[in-house]
1. What single numbered condition from (1) assigned to a loop (DSSP other than H, G, I, E, B); (2) under 35 Å from the mean Cα position of the chain (by Cα) fails to hold for V523?
2. Return the residues of the range 277-307 that are touching a Phe, Trp or Tyr at 6+ places or on another chain (Cβ under 9 Å) and either farther than 19 Å from H251 by Cα or small (G, A, S) (or both); say none if nothing qualifies.
3. In the range 393-429, what count of residues is obtained for those that are under 21 Å from H296 (Cα atoms) and outside any loop (DSSP other than H, G, I, E, B)?
4. Taking the conditions exactly as written (closer than 23 Å to A54 by Cα, of a type outside the set (A, V, I, L, M), part of a strand (DSSP E or B) and open to solvent by less than 10 Å² (accessible area, probe 1.4 Å)), does S312 satisfy them or not?
5. Out of the residues in the range 94-120 that are among the hydrophobic types (A, V, I, L, M, F, W, C) and more than 19 Å from the chain's Cα centre (by Cα), state the one that is farthest from A175 (Cα to Cα).
6. For the range 65-93: of the residues being of a type in the set (F, W, Y) and either under 26 Å from the mean Cα position of the chain (by Cα) or within 16 Å of C19 (Cβ to Cβ) (or both), which is most open to solvent (accessible area, probe 1.4 Å)?
7. Residues of the range 1-41 being over 22 Å from G316 (Cα atoms), among the aromatic types (F, W, Y) and not in a helix (DSSP H, G or I), which ones?
8. Given the conditions (1) part of a strand (DSSP E or B); (2) surrounded by fewer than 17 Cβ atoms within 10 Å (Cβ to Cβ), report the number of the one that V538 does not fulfil.
Amino acid sequence: MSHWIEQTNIYHIYPLGFCGCEKFRSEFSGNGERGRILKVIEWIPHLKKMNFNAVYFGPVFESFEHGYDTTDYYTIDKRLGSNEDFAEVCAALHKNGIRVILDGVFNHVGRDHAAFKDLQQNGGNSRYKDWFAGVNFGGRSPYGDNFSYEGWNGHYNLVKLNLYNNEVVEHLFGAVKMWIEKWGIDGIRFDAADCLTEDFIRRIHRFTRELRPDFWLMGEIIHGQYNRWANGDMFDCVTNYQCYKGIYSSHNDRNYFEIAHSIEYQHGQYGNIYMYNFLDNHDVVRLMSVLKNPDHAECCYTMMYGMYGVPSVYYGSEFGIRGEKGRGEDADRAIRPCLDLDDIPDMNDKLMLHISELGAIRLSLPAVQSGSYAKMELKNQTFLFKRELNGEIVYFALNISDGDYTFRFSTSYGKLADRLSGRQFTVNGGNAEITVPKNKSMILVDGSAVQPVPEQKEIISSPKNEPVKEAPEAVQPAAEPAAPAVPLVPDKNNGIRGLGVPEGRKIVIGGHYRHFKGGEYVVLNVAKDHETCAEQAVYMQIHDKPMVWVRPLDMFLEDVDDHGNVKPRFELLND
């Protein structure tokens with residue numbers, strides 16, 4: 001049975017960093033300004049341009065410091081805003097077809113949690129003495145408490161909860177119920193999931209399914225057999241740390257055998273477990289800081305979007321920003337920055353467009369969402385694999401060698417088209433020869449019936465610092481595909497006299513065209529004007545800085561009189 005996660009591209013935000021919050025909750029002055037979390041609404045046009053249709057928020061609840069030391073599961077951290085502010089954010093995301101996933105930190109709480117404060121005050125007489133693991137009144141804690149207790153992974157500022165205590169479980173379940181009913185959240189990522197009891201995971205699986213049958217549960221698992229935690233009774237998904245390491249390492253070592261082995265191992269061991277795939281996150285070095293050759297970044301993202309599972313991009317990494325973990329108390333500060341859309345440092349426009357295109361391609365091709373996987377050709381520096389579903393085949397070709405590389409393979413298609421560049425290739429007798437430039441990738445589909453990018457009911461183009469304009473019919477989460485890859489702007493006629501469309505001339509989706517005045521373009525789709533229903537050609541400029549243009553279809557296809565010379569306004573180069 002299909003699940004909405006298969007049609008999803010996730011954007012991961014660490015809110016306390018993203019919003020530029022104080023390091024400690026006690027440093028927040030509460031100056032009466034609107035909640036900082038409302039900043040997310042300003043980013044919605046960007047999310048839609050990038051084809052993200054879900055946001056996974058790191059910790060948003062009241063805490064002492066970094067969010068993973070929760071002090072109140074029922075209240076948004078004051079540094080971010082209020083519960084009402086977060087409700088506004090969730091409503092805006094949902095209205096724009098973007099689902100909401102929250103971080104559930106259920107293994108431990110911070111020392112400022114009310115139950116722990118009661119234990120500190122009342123000792124053995126506290127009604128909460130059984131809420132925490134390993135409480136022993138015959139010892140002292142590293143913080144000088146008159147009792148000892150178990151801290152997560154030796155961190156005693158993170159007090160481990162006793163998940164065998166039903167009061168604790170009911171306290172957590174009550175919070176989850178509130179998140180679903182108040183904010184309509186669509187899923188939870190479970191922090192330190194390998195430390196949770198299996199009984200707790202099974203219980204929260206049943207509990208959330210009763211509230212919402214399509215609710216999604218993802219566990220943070222770093223090591224071990226993933227199917228121990230991800231199965232029909234527990235999590236739907238786990239963090240794919242094995243392939244996270246395999247992707248960047250195989251590119252750094254120029255050895256695709258490493259990631260190919262990980263992929264095949266997982267398919268053999270875990271079958272249909274839908275992995276949570278990522279290239280970096282709030283705990284690890286940014287991809288652009290770990291890659292030896294930054295030119296390999298595009299291939300890394302193509303690999304991640306092409307793998308079985310849901311892709312997730314950590315905020316800012318779509319711009320190619322860097323960030324390395326430091327040492328000491330501020331070790332994570334560099335990988336959890338505050339970002340302003342108007343001032344992204346060293347923005348990599350090319351990488352951003354590439355990721356946007358990957359998102360659009362994935363949303364439009366069911367075979368990439370949930371198709372089977374098969375390796376076709378594997379060498380140290382080149383890799384060809386395919387995804388297939390119900391007769392639809394998509395080929396992923398990657399090349400990190402020192403020069404162009406030609407893949408030769410058999411295919412049932414008579415023509416192939418690269419969804420990334422728009423180039424088309426003729427197949428001779430079922431044998432394809434596709435040359436991929438160095439440090440590039442291609443996503444090849446049936447060239448005779450190129451799949452369009454997801455259709456948009458209405459083109460929404462909002463400046464990044466203005467409120468998002470809603471389409472006439474507000475969409476529900478994931479009910480409508482994401483917006484086009486980049487903002488659409490009108491083209492102009494430039495005063496050239498059109499002579500009409502020659503008989504039989506048709507537009508080729510994915511076709512590579514040259515304008516009669518120069519400049520090359522790829523056709524992305526044919527759209528309809530919302531008011532007149534007139535057909536519009538939607539095409540992307542590839543000869544210069546990437547831009548997307550719109551003009552009437554008949555104007556795109558017509559011949560023009562260029563100072564006495566009759567020629568197509570746009571000439572198809574790869575028919």
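1. Going through (1) assigned to a loop (DSSP other than H, G, I, E, B); (2) under 35 Å from the mean Cα position of the chain (by Cα) one by one, V523 breaks only (1).
2. H282, G306, listed by residue number.
3. 9
4. Details: closer than 23 Å to A54 by Cα: yes; of a type outside the set (A, V, I, L, M): yes; part of a strand (DSSP E or B): yes; open to solvent by less than 10 Å² (accessible area, probe 1.4 Å): yes.
For S312, the condition - closer than 23 Å to A54 by Cα, of a type outside the set (A, V, I, L, M), part of a strand (DSSP E or B) and open to solvent by less than 10 Å² (accessible area, probe 1.4 Å) - is met.
5. The first filter runs over the range 94-120 and keeps only residues among the hydrophobic types (A, V, I, L, M, F, W, C), leaving 98, 100-102, 105-106, 109, 114-116, 119.
This time we only want the ones that are more than 19 Å from the chain's Cα centre (by Cα), so: 105-106, 109, 114-116, 119.
Details: V105: 11, F106: 11, V109: 14, A114: 15, A115: 15, F116: 18, L119: 21 Å.
Among them, the one singled out is L119.
6. Of all residues in the range 65-93, those of a type in the set (F, W, Y) come to 68, 73-74, 86.
Filter once more, so that each one left must be either under 26 Å from the mean Cα position of the chain (by Cα) or within 16 Å of C19 (Cβ to Cβ) (or both): 68, 73, 86.
Values: Y68: 20, Y73: 5, F86: 1 Å².
By that ranking, first place goes to Y68.
7. Within the range 1-41, F24, F28 meet the criteria.
8. Looking at each condition in turn, V538 falls short on (2).
The values are calculated or read from the model by the stated rules, or taken from the named source; none is laboratory data. Computed from a prediction, not measured in an experiment: that's the story for all the values here. Cβ sites come from the backbone with ideal geometry, for glycine too, and all protein chains shown count toward neighbours. The accessibility values were calculated without ligands, DNA or RNA, using every heavy atom of the protein model including side chains. Shrake-Rupley method; radii C 1.70, N 1.55, O 1.52, S 1.80 Å.
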